[in-house]
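Bear in mind that the values in this text are calculations on the coordinates, not laboratory data. Source: prediction; values computed, not measured. Don't worry about glycine lacking a Cβ; one is built from the backbone with ideal geometry, like all the others, and counts go over all protein chains shown.
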Amino acid sequence: MSAYLRIDDLHVHFGKPPKEIRAVDGVSLTIEKGEILGLVGESGCGKSTLSRAVLQLVRPTSGAIYLEDQNLSELTPRQLRVARLDFQMVFQDPYASLNPRFTIYSTLLEALETRGRIPKAERLWRVGQLMESVGLDARGMLKYPHEFSGGQRQRIAIARALAPKPKLLIADEPVSALDVSIQSQILNLLLKLTHELQLTMLFISHDLSVVRFIADRIAVMQAGKIVECGAAEEVSDRPRDAYTKKLLAAVPKIVF
């Protein structure tokens, strides 16, 4: 496998000294094609900033991000708009990320047509097919986001992210706002889609147990730095860094 995403010595700083905030401080990572990399750390450690830097929603202070050997920082706005079709994001709050004025049909059709116009005769079928791929009833396509549950809205958000047929999916805390039983459904759906569509995924969470379930490798982030990175089982069963050990100690344990 070759690295689909490569992050080299990335820095994202906000403000100026002496009040400068180093949200991302010298991060280097690679994600292989077809791999799920879990990025875990407590709130405020820089995980979301890193994901937004990959999308170029936040411009890095220094360093480079390569997508299939293409340096995203060197792209013009027009080139970046085209490149973004290959990497999509699923946000933490599905309700906030969906336009409440759009029906699900309008939301998904707009996403589908980012690759080109779809003939009128095919539109209902294409939207319905996309909804069914994430476990939703296609008959609900004329409803609005508020008419769905939180788990259903997250399925809609996943469907929208998949519509342009991306190669890289960035999931930023996609289950933290959901009930535990629904979390399991969404995690299994992401695993299923990743394998079926041969996606590469950066999965971000503060919960090490969730990351262990879904990821092939785990990178642990603290105060803007990667403090440990390795195979999921190795990091969760034999952690080397003291911070990783603290994260593991914070995972709830069932006592009978």
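For region 68-174, would you read off the P(r) tail past 20 Å as a percentage of all alpha carbon pairs?
Numbers: 2287 of 5671 pairs.
The share of Cα pairs beyond 20 Å in region 68-174 comes to 40 percent.
So which lysines can Lys19 reach, going by Cα to Cα under 27 Å and dropping same-chain residues fewer than 8 places off?
Lys47, Lys225
Can you give me the distance in nm between label points at Ala223 and Tyr95, each placed 7 Å from the Cα along the Cα-to-Cβ direction?
3.7 nm
Give the percent of DSSP beta bridges with both residues in the chain that are antiparallel, rounded to the nearest 5.
So the antiparallel bridges in the chain amount to around 55 percent.
Averaging sequence separations of C-alpha pairs under 8 Å and six or more residues apart, then dividing by the length of the chain, give the relative contact order as a whole percent.
On the way: 465 pairs, mean separation 66.8, N = 256.
Computed over the chain, the figure is 26 percent.
Would you pull out the residues with amide H under 5 Å of Met221's amide H, same chain only if 5 or more places away, H placed 1.01 Å from N?
Val40, Gly41, Val227
Assuming R0 = 22 Å, what is the FRET efficiency of Asp69 and His11, from their Cβ-Cβ distance, to the nearest 0.05?
0.55
So what is the calculated 222 nm ellipticity per residue for the chain, using -39500 (n - 2.57) for each DSSP H run with n of 4 or more, over all residues, to the nearest 500 deg cm²/dmol?
That calculation yields -10500 deg cm²/dmol at 222 nm.
Mind jotting down the distance between the C-alpha centroids of region 176-231 and region 60-76, whole Å?
Region 60-76 and region 176-231 have Cα centres separated by 24 Å.
Which shape class applies to the chain: rounded if a/c is under 1.5, otherwise prolate when a/b exceeds b/c and oblate if not, where a ≥ b ≥ c are the square roots of the Cα gyration tensor eigenvalues?
It comes out oblate by the Cα gyration axes.
Trypsin sites (Lys or Arg not before Pro), restricted to region 27-124: which are DSSP loop and have at most 16 other Cβ atoms within 10 Å?
Sparse-neighbourhood loop trypsin sites (Lys or Arg not before Pro): Lys33, Arg101, Arg117.
For a test of the definition: using alpha carbon positions, the gyration tensor, and the 1.5 limit on a/c, classify region 80-136 as rounded, prolate or oblate.
oblate
Taking GluC sites (Glu not before Pro) that fall in a DSSP loop and have at most 16 other Cβ atoms within 10 Å as cut points, what is the longest piece of the chain between them?
Between the exposed loop sites, the longest stretch runs 69-256.
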